[in-house]
Amino acid sequence: MGGRGLSTVPRGQGVPGRRRTGRHRVGTESAPGNGRRRAFRRGAVTNLLNPKVILFNVSFLPQFVNPALGHVREQFLVLGFTITAMGVVVDGWVGLLSGRLAALLRRSRRLARGLDYFSGTVFAGLAVRLAVAAK
């Protein structure tokens, strides 16, 4: 792209190998359950194979296991189940609330524009702070 901005890239040229046809809108699925199942499956595999998650659990959980109480394996299972259950609850709420927020932003162009201005102002402020920060 060189010195050209993203807004000057011809339609369909932004990502190699992908073309925008204009037929598919964001947030719509051709098969209602198929996209959700695929997204869940991809997320689950990603989390199970994520080395950061594995390292976090291997380093975090042992400090809460007391070998003097016995049943070390069961203690690990209870702690692991608790972390998983809390993650499902928190991520579920985030998903539900973000879906409602997306619907609200789709309905209210004024609110969406205000959010754009707010986030732009925050990023501009951070850029100014970074520019004037002592080195």
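Looking for whichever is surrounded by 11 or more Cβ atoms within 10 Å (Cβ to Cβ) and either more than 30 Å from Phe60 (Cα to Cα) or touching a Leu at 6+ places or on another chain (Cβ under 9 Å) (or both) here; the options are Ala112, Ala131. Which one fits? I'd like the intermediate steps shown before the answer.
Values: Ala131 fails: surrounded by 11 or more Cβ atoms within 10 Å (Cβ to Cβ).
On inspection, the qualifying residue turns out to be Ala112.
So which pairs qualify, if the first residue must be in the stretch 83-99 and surrounded by 10 or more Cβ atoms within 10 Å (Cβ to Cβ), the second must be among the aromatic types (Phe, Trp, Tyr) and in a helix (DSSP H, G or I), the Cβ gap must be under 9 Å, and the two must be at least 6 apart or on different chains?
Here the result reads Ile83/Phe60, each pair linking the stretch 83-99 to a residue that is among the aromatic types (Phe, Trp, Tyr) and in a helix (DSSP H, G or I).
Can you report the number of residues in the stretch 63-77 which are touching a helix residue (DSSP H, G or I) at 6+ places or on another chain (Cβ under 8 Å) and surrounded by 11 or more Cβ atoms within 10 Å (Cβ to Cβ)? Steps first, please.
Residues of the stretch 63-77 that are touching a helix residue (DSSP H, G or I) at 6+ places or on another chain (Cβ under 8 Å), as a first pass: 64-66, 69, 75-76.
Imposing the further condition that a residue be surrounded by 11 or more Cβ atoms within 10 Å (Cβ to Cβ) reduces the set to 64-65, 75-76.
Total satisfying the criteria: 4.
Kindly check whether there is at least one residue in the stretch 53-72 that is part of a helix (DSSP H, G or I), free of Cβ contacts under 8 Å to residues at least 24 places away in the same chain and within 23 Å of Ala39 (Cα to Cα).
The answer is yes, given that some residue of the stretch 53-72 is part of a helix (DSSP H, G or I), free of Cβ contacts under 8 Å to residues at least 24 places away in the same chain and within 23 Å of Ala39 (Cα to Cα).
Only the coordinates and a few stated rules stand behind these numbers; no lab work does. For clarity, every value in this text was computed on a predicted model and none was experimentally measured. For neighbour counting, all protein chains shown are included, and Cβ atoms are generated from backbone atoms with ideal geometry for every residue, glycine included.
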